[in-house]
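The values are calculated or read from the model by the stated rules, or taken from the named source; none is laboratory data. Fair warning: this is a prediction, and the values are worked out from it, not measured in the lab. Note that each Cβ is placed from the backbone with ideal geometry, even for glycine, and that neighbours are counted across all protein chains shown. Surface accessibility is based on the protein's heavy atoms, side chains included, excluding ligands, DNA and RNA. Shrake-Rupley method; radii C 1.70, N 1.55, O 1.52, S 1.80 Å.
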Amino acid sequence: MGVTINRATLIRGTLAGTGGLLAAISSLAVAELVAALVRPESSPVLAVGGASIDLTPAPVKDWAIRNFGTHDKLVLQTGILTVLALFAVALGLLALRRRRAGALGVLAFGVIGAAAALGRPDSASWTDALPSIIGSLAGAAVLYVLARGLTGPRDAVTPDEPDGWDRRGFLLAASAAAVASAGAAVLGRGLVASRSGDAVASRAAVTLPTPGSPAPAIDSRAAPRVPGMPPFTTPNKDFYRVDTALVVPRVDATAWRLRIHGRGVTSPLSLTFQDLLDSELIERDITLTCVSNEVGGRYVGTARWIGVRLAELLRQAGVRPPSRGGQADQLVARSVDGMTLGAPVEDVMDGRDAMLAIGMNGDPLPFEHGFPVRMVVPGLYGYVSACKWIEDVELTTFDAYDPYWVKRKWAREAPIKTQSRIDTPKPFARPKVGTVMIAGVAWAQHRGIDLVEVRVDDGPWQRAHLAAEHTTDTWRLWSLPWRATPGTHTLTVRATDRTGEIQTERRARTIPDGASGWHSVVVTVT
Ligand SMILES: Nc1nc2c(c(=O)[nH]1)N[C@H]1C(S)=C(S)[C@@H](COP(=O)(O)O)O[C@H]1N2
Ligand SMILES: [Mo]
């Protein structure tokens, strides 16, 4: 007798948990559909995800970037959905006893989603709350109906009436909710896809003009081929990606505008993509580096960029650098997804090839790398300069405004630190006795690399062979043949830049202004 009741209770609990999950799925599916109509970025999963990225303390974020790399966003979204699923099951069980409380619980999640959506930096309208609100209303209704199916018309269950519920009603309602959710989700996805179709078409329609100022050809002596050494130019598909965007913004280039305005701007500019195509274009090889790059890390790459000189546009707008009496010392770039990055106006206008880039390695910018337009400033870490999906440039001061990463304790100004990396042999490799090629890259953008030295164990520093310098804005490849002797050895590299400064041995974390220290690799020669 008791066994029967327990079994019935168990089944009912399982069904209630399933009902909670179905309610959550319905909420999300309806929310996705509404978001597709309102603004895809206002979807609760993206809004809550974006808000948690922003609220994550810098060290944790840095750790996530390090450990999950480009998968950091997938990990985050999986985490959010897991937490949501747990709450959904709990609300399902609650609804078994207290139907109305369960439904209110679902609505509470809608309020959280709506708050997150309205709080996003790129949110410009109250309608961003609609996906979460309408989605959670749908979810609450689903839970209410399913719970009624499980408990019968009364609000509380009497444990000794295991059959006081409407099996058919429950199954019908559950199936209907599942089918409707799937339909809403598919419809929502379709709408978003058709909209991003405009962006895709606008990118496909771009033909990059021949730049008036082409990049010098890459001499074969600057790009030697040593097995295990990276190619001089990093292919787009291998280029590292670091950003906070949960979905890659897909901007329609034909509708894109860039505003240049702010302090000291005498004639504000509003530029179209066509304006940039019609401008004088430069083509340059520039090595980009992320401030989150660990010693020995992979967040560094070299591409051939085509773009418009940013300093030229600033001059057209009437901007003068601080050293010539200009009123603005900080240039804040803002992207379509609300990211802000601040670079020193002095650096942007000091004659270096700072640009608004529209081409990367012969193609229009890939969406992941900022289509239609991004900034690139040689010598500065990405987070203070390389704004992707840029749509606004505001001249201001460092005193008046802290951009996104600076609000999170990263340095205001961040020139790239002199660094070198051993690419081959790999850590814990087991090369054979004999000549082993040690090779890698070294960079000190806009200063240039003059010397790379390698040390085996505690031996003397040996000068590595430096490939020819392409420009000071690109990395330099290096190699050193080593007569490897049996045993375990530590290989260490350090570089010296053209200012004469030797790469510091002092270990620093990536926060606040970039990692420092020497890169070492341990190998066992057999
Ligand atoms: N809109 C936007 N631009 C951005 C970022 C971002 O999060 N959002 N990240 C910056 C950082 S930290 C770096 S290192 C570079 C990376 O550029 P990549 O992804 O093309 O390699 O983009 C910069 N531009
Ligand atoms: Mo970065």
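Given their separation in residues at 0.36 nm each and the Cα-Cα distance between them, residue 97 and residue 363 gain 89.8 nm when the chain is fully extended.
Taken as Cα centroids, the range 181-260 and the range 415-435 sit 30 Å apart, rounded to the nearest whole angstrom.
Is the shape of the range 1-155 best called rounded, prolate or oblate, per the rule: a/c under 1.5 gives rounded, else a/b larger than b/c gives prolate, else oblate, with a ≥ b ≥ c the square roots of the Cα gyration tensor eigenvalues? Note, shape of the range 1-155 comes out oblate.
For the chain, the relative contact order works out to 13 percent when only alpha carbon pairs closer than 8 Å and six or more residues apart are counted. For the chain, the Kirkwood hydrodynamic radius comes to 26.2 Å, computed from all pairs of different C-alpha atoms. With the simple model of a label 7 Å out from the Cα in the direction of the Cβ, residue 67 to residue 191 spans 3.8 nm. The calculated FRET efficiency for the pair residue 78 and residue 182, based on their C-beta separation and a Förster distance of 22 Å, comes to about 0.60. Placing R0 at 35 angstrom, the Cβ-Cβ distance between residue 509 and residue 168 gives a FRET efficiency of 0.05 after rounding to 0.05. Under Stokes-Einstein, with the Kirkwood radius over Cα pairs as Rh, the value for the range 66-143 at 20 °C and 1.002 mPa s is 155 µm²/s. Protein heavy-atom surface of the range 2-201, 1.4 angstrom probe: 72% of the accessible area is carbon and sulfur, with nucleic acids and ligands not counted. Helices assigned as whole DSSP H runs in the chain whose Cα atoms extend at least 27 Å along their own long axis and whose mean Kyte-Doolittle hydropathy is -0.5 or higher are found at 2-38, 72-97, 99-119, 130-151, 167-204. Summing Lys and Arg as +1 and Asp and Glu as -1 over all other residues whose Cβ lies under 13 Å from the Cβ of residue 272 gives a net charge of -2.
Rounded to the nearest 10 Å², what accessible area does residue 420 show when all protein chains are kept and the probe is 1.4 Å? Residue 420 has an accessible surface of roughly 0 Å² with all protein chains in place.
Charged neighbours of residue 132, selected by a Cβ distance under 13 Å, balance to -1 (K, R count +1; D, E count -1). Give me the one-decimal nm value for the distance between modelled label points at residue 125 and residue 238, 7 Å along each residue's Cα-to-Cβ direction. Placing both labels 7 Å along Cα→Cβ, they lie 4.4 nm apart.
Distance cut-off 24 Å, Cα to Cα: go down the list 73/417; 73/409; 61/409 and report the pairs above it. Over 24 Å apart, Cα to Cα: 73/417. For the range 236-334, the solvent-accessible area works out to 42 Å² per residue, with a probe of 1.4 Å and every protein chain left in place.
Annotation for the range 39-68 versus the range 487-503: alpha-carbon center distance of 36 Å.
Take the Cα radius of gyration of the range 419-525 and divide it by 2.2 N^0.38 Å, N being the number of residues; the result is 1.07. With both labels modelled 7 Å from their Cα along Cα-to-Cβ, the residue 526 to residue 204 distance reads 5.1 nm.
Rolling a 1.4 angstrom probe over the protein heavy atoms with all chains in place gives the range 419-525 an accessible area of 44 Å² per residue. Here the convex hull built on the C-alpha positions of the range 259-411 has a volume of 111 cubic angstrom per residue.
For the chain, DSSP calls about 95 percent of its internal beta bridges antiparallel.
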